[in-house]
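Below is one structure; the comments refer to it alone.
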Amino acid sequence: MQRVREMLLVALAVAGTAAAQQAQPSRPPQLAAATDGKHVSANTTYRVINLAPGLLATLPRINAGGQVAFSMQADAGAVAYFYDGSSVQDIGTLGGETLANDLNDLGQVTGSSLTAGGVQHAFVWRAGAGMLDIGTPTGGGESSGAAINRHGVVTGSSYADFLPRAFRWSAASGSESLGALTPGLGSASFSGALNDGGLIAGSSATADGSRHAFAWTRGSGMVDIDTLNSYDALVVAVGADGEVAGNHIPSLDAIAYRPFLWTRAGGMRDLGTAGGSAAFVTAMTPGLHMAGLINVGDDVQRAMSWTRSGGMRNLGTLGGASSRADGVNAAGQIVGFAEDKAGDWRAFVWTAPQGMLDLNRYLRRAPPGLVLDDALAINDSGAIVATSNAGLVLLRPDTGRPCGHLLGPVVAPALVKAGVPLQAAVGFVDEDGVGTRSVSWSWGDGSGAQAGRVSERAGAGSASASHSFAMPGVYRVTATVVDRKGRNTAVSHEVVVTAAAGGMVAGSGVVTSPAGAFRQAPLYAGTARFSLIAPLAAPLAATASAAGMPARLHFDLPGLPFRSQDVRMLGRQGTQGVFEGSGSVKGTGGYRFRLATSATLPGGRQGRFALKIWHADPASEREVVDYDNTRAPSGGGLLAKGTIVLE
């Protein structure tokens, strides 16, 4: 049985690979006119603001005022944050992991948080008021907030008697269940979106076992709007006038998602696939401009745009083999990621006049070494939230307003031997010109913070430090820069430390995770990061364990932060090793894994990284596979970037 938090991974499930080539213009992007008749500057460059180091746990949300809500992965579970336009704050918790799922223009956040008893509850948060547990309609079970409108009305899903039910919550009326399309055992519903007029849309099980889209209003209740009689339907967004957009599978004979748009006048309309085998909408403006992707072949997808006047449009790539659109605004800008000619991911912005542009080329005074790899959200003012090699960042269109200290990535080796000094450095830009008070380094091994050597001149600087790790393991190195006003900004870097005497396998890098590998988000195809360290012989394993430094596998996919408790090598053949062990996901134990991996091959060729993660169902004790890239349509995940060394 899927839990509420698993259903919310639909937003993260829309990813893929794409092919097409497009020349990149040398001039800055020219933006289309906004729907209110105002124009955005035709020569846009962006200032960078560091939001947080690490990896995302949910998709970030940005509102009209440029505030951002987001969640970052942590070993003990996700932590949710809020950027108010000048600083970032942890929004707190009800007792455990917290996921921020949506944000409105008033700065209110909704999502889910684990209580002290380990039960997931929906919440509403606002600066000054803190986090409010909004519970469930029945007073029991679990719940999660999925969306919040400008009136503070929340919709989401709750569990009672093991069945999900869509709910609505407001400060005036409290929490109420929206019911389901069919009564009785096996019926279920969950919400996906709502608009400011109060229309709520989602999906609900039908009598024949299908899942149809629904629309709910106070006057009509829950209505089946699936006039196409789909086998499955997932709602993504609701328009200003009550239109509903999402993705559906027409029938069991056509297991491939296709975008749809429902209107009161025309019912549900299949928007087609522009010649592809499937397509998926990921975002829509209130004015019905959609963004998403088209599947044009086996594991090959392309970013797309859809409008009423222009229909579905393939947006191409930056010259490489993949692209995906993640966000769209009222000015006609679409953002996402695309591969360049070298096969590297780059964040892009697309407009009809200019086409697809690499955002890395339009940064004002970017910090040294910064690379933007995916643009995930955009507001109507053109502010963009993106991921990078320095963590999550905000790109603010340059209006001359300074943005404090801007940090690039931590520059350090991915692998180092115990006892050998690790040399680490970070570059930064002082946009405010207030100067740098200090740079401190945390090594993740309990050794305490260390002051770094700082060099600064003409509003730019760098800091460096050296550290020797005593024991093998996986450590997160963090650099924190503090300016003379006391404001701090941090970036981090994961380091794998091997035994000085060798006899270990160690690696760090990224894996291209294929569609079908992640059970909770089967449509996801994209990057996962890993770190691995394990002894090659049993005596060394016993020594490491006795010293309190067990072997480790870290595997980070959006929604699946896996941390091993132990790693055992089952066998080795040439450059390939087979490992198994146990571990936890989001701080919960009881998971097991099996990994077959090979060392990086000469000439930059890809090595194999075949991983399976599973757990036992508490009720049936049957094996539940959480992740398996060996059974995905494209086969085992390949080592795309990184190094694995067997010593």
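The values are calculated or read from the model by the stated rules, or taken from the named source; none is laboratory data. Computed from a predicted structure; not experimentally measured. FYI the Cβ positions are ideal-geometry reconstructions off the backbone, even for glycines, and counts take in every protein chain you see. To get the accessible areas, we keep the full protein, side chains included, count just its heavy atoms, and leave off ligands, DNA and RNA. Shrake-Rupley method; radii C 1.70, N 1.55, O 1.52, S 1.80 Å.
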Q. Is there a residue in the stretch 566-579 that is outside any strand (DSSP E or B), acidic (Asp, Glu), modelled with pLDDT of 85 or more and over 26 Å from Thr58 (Cα atoms)?
A. yes
Q) Any chance the stretch 129-139 includes a residue that's crowded, with 17+ Cβ neighbours inside 10 Å, over 21 Å from Val79 (Cα atoms) and not basic (Lys, Arg)? A) yes
Q: Show the residue pairs that are 6+ apart or on different chains and have beta-carbon atoms under 8 Å apart, the first residue being within the stretch 447-472 and within 19 Å of Gly408 (Cα to Cα), the second being of a type in the set (Phe, Trp, Tyr) and at pLDDT below 90.
A: none
Q.
Just to verify a result, which residue in the stretch 292-334, among those that are of a type in the set (Lys, Arg) and under 22 Å from Pro514 (Cβ atoms), is farthest from the chain's Cα centre (by Cα)?
A. Arg302
Q. Within the group Gly77, Gly16, Gly65, which residue is of a type outside the set (A, V, I, L, M) and modelled with pLDDT of 90 or more?
A. Gly65
(Q) Please go through the stretch 364-381 and give me each residue that is over 20 Å from Phe70 (Cβ atoms) and out of contact with any Gly (no Cβ under 6 Å at 6 or more places or on another chain), ordered by number. (A) Arg364, Arg365, Ala366
(Q) List the strands (runs of 3 or more DSSP E) inside the stretch 227-286, counting only whole elements, that have at least 1 residues being under 21 Å from Ala205 (Cβ atoms), aromatic (Phe, Trp, Tyr) and out of contact with any Leu (no Cβ under 8 Å at 6 or more places or on another chain). (A) 258-263
Q: Collect the residues in the stretch 367-380 that are among the small types (Gly, Ala, Ser) and surrounded by 19 or more Cβ atoms within 10 Å (Cβ to Cβ), keeping them in residue-number order.
A: Ala375, Ala377
Q) Of all the residues that make up the stretch 207-226, how many are aliphatic (A, V, I, L, M) and assigned to a strand (DSSP E or B)? A) 4
Q: Could you tell me whether Ala34 is surrounded by fewer than 24 Cβ atoms within 10 Å (Cβ to Cβ), over 30 Å from Val300 (Cα atoms) and either at pLDDT 95 or above or among the small types (Gly, Ala, Ser) (or both)?
A: yes
**Q.** Residue list for the stretch 272-288, filter: buried (at least 24 other Cβ atoms within 10 Å of the Cβ) and closer than 24 Å to Ile62 by Cβ
**A.** Phe280, Val281, Thr282, Ala283, Met284
Q: Just one of (1) of a type outside the set (S, T, N, Q); (2) open to solvent by less than 10 Å² (accessible area, probe 1.4 Å); (3) more than 24 Å from Gly292 (Cα to Cα) trips up Val349, so point out which.
A: (3)
Q: Take the stretch 296-308 and flag every residue that is surrounded by fewer than 24 Cβ atoms within 10 Å (Cβ to Cβ) and at pLDDT below 95.
A: Val296, Gly297, Asp298, Asp299, Val300
**Q.** Positions within the stretch 296-314 being charged (D, E, K, R) and either in a strand (DSSP E or B) or closer than 17 Å to Ala347 by Cβ (or both), in sequence order
**A.** Arg302, Arg313
Q) Quick check: anything in the stretch 598-611 out of contact with any Cys (no Cβ under 6 Å at 6 or more places or on another chain), open to solvent by less than 60 Å² (accessible area, probe 1.4 Å), of a type in the set (S, T, N, Q) and at pLDDT 80 or above? A) no
Q | Residues within the stretch 315-356 that are among the hydrophobic types (A, V, I, L, M, F, W, C) and assigned to a loop (DSSP other than H, G, I, E, B), tallied | A | 5
Q: Can you confirm whether the stretch 241-255 contains a residue that is under 17 Å from Ala147 (Cβ atoms), among the hydrophobic types (A, V, I, L, M, F, W, C) and open to solvent by 10 Å² or more (accessible area, probe 1.4 Å)?
A: no
Q | Among (1) in a loop (DSSP other than H, G, I, E, B); (2) surrounded by fewer than 16 Cβ atoms within 10 Å (Cβ to Cβ); (3) of a type in the set (Asp, Glu); (4) touching a strand residue (DSSP E or B) at 6+ places or on another chain (Cβ under 8 Å), the one test that Glu176 misses | A | (1)
